[in-house]
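Below: one structure, written as structure tokens.
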Amino acid sequence: MLLLSGGALAACATPSAGRDAGGPPSSLSVRELTIVDEHGQPRLRLGAPLPSPKGLERAVKAYGIQFMDPSGHEIGGLAMLDAINFRGLCFDSEEGYEAMCMSLMKGKPNITFRHDWKERIVIGVEENGAASVVLHDAQGNPHLRLEVSKDGQTRVEGVTPAPASR
């Protein structure tokens, strides 16, 4: 099996430089490389572009590394989405949404935590250079925003009022 997969890889691969004195190729060019587990199940894929996750269609092309669970469903990845200027490392929930992402979005650092498909915590640097932390309720509505501007001004806004008494 290993010999067959190695032969298939060699047939699809293009060495871009010669071999070093009988050793392995010094460079290998492929569009996709899939690493399988001991059962032959794909678990890690490097691709340019990456295929869409099972049962979903990507809105834009992704280039990078795709992590998959034992049944072949995407559970995260390290990807570049050139069309939207996104570079990120994300991990998906069991339901399929991106639960945690650490990224550069249009050159600005951002960390997002989601629960039940809704944003709950977002930490990042805004377009104006301000550092911010935004906390959302279970419906994804922002309730508290902490911000420090690039010149050191602090701001707290949107503190949720106390619940009405019964």
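Considering only the other residues whose Cβ falls under 10 Å of the Cβ of residue 77, what net charge follows from Lys and Arg at +1 and Asp and Glu at -1?
Within the 10 Å Cβ shell, the charges total -2.
State, as an integer percentage, the relative contact order of the stretch 27-121 based on alpha-carbon contacts under 8 Å between residues 6 or more apart.
15
Got a number for carbon plus sulfur as a percent of the stretch 66-113's accessible area, 1.4 Å probe? Please report the intermediate quantities before stating the final value.
Values: 1760 of 2670 Å².
The nonpolar share, carbon plus sulfur, comes to 66 percent.
Give the residue list of chymotrypsin sites (Phe, Trp or Tyr not before Pro) in the stretch 80-166 that are DSSP loop and have at most 14 other beta-carbon atoms within 10 angstrom.
The qualifying sites are 97, 117.
Counting other Cβ atoms within 10 Å, keep those with at most 14, restrict to DSSP loop, and tell me which GluC sites (Glu not before Pro) in the stretch 59-128 are left.
Answer in residue order: 94, 95, 126, 127.
When Lys and Arg each count +1 and Asp and Glu each count -1, what net charge do the other residues less than 15 Å away from residue 32, Cβ to Cβ, add up to?
That works out to +4.
So what's the net charge close to residue 54: Lys and Arg +1, Asp and Glu -1, counting the other residues with Cβ under 15 Å from its Cβ? Can you show the working numbers first?
Working: positive: 43, 45, 58; negative: 57, 69, 74, 92, 94, 95.
Once positives and negatives cancel, what remains is -3.
The values are calculated or read from the model by the stated rules, or taken from the named source; none is laboratory data. Everything numeric here is computed off the predicted structure, so don't read it as measured data. Please note: Cβ atoms are built from the backbone with ideal geometry, for glycine as well, and neighbour counts cover all protein chains shown. Accessible surface is based on the protein model in full, side chains and every heavy atom, while ligands, DNA and RNA are left aside. Shrake-Rupley method; radii C 1.70, N 1.55, O 1.52, S 1.80 Å.
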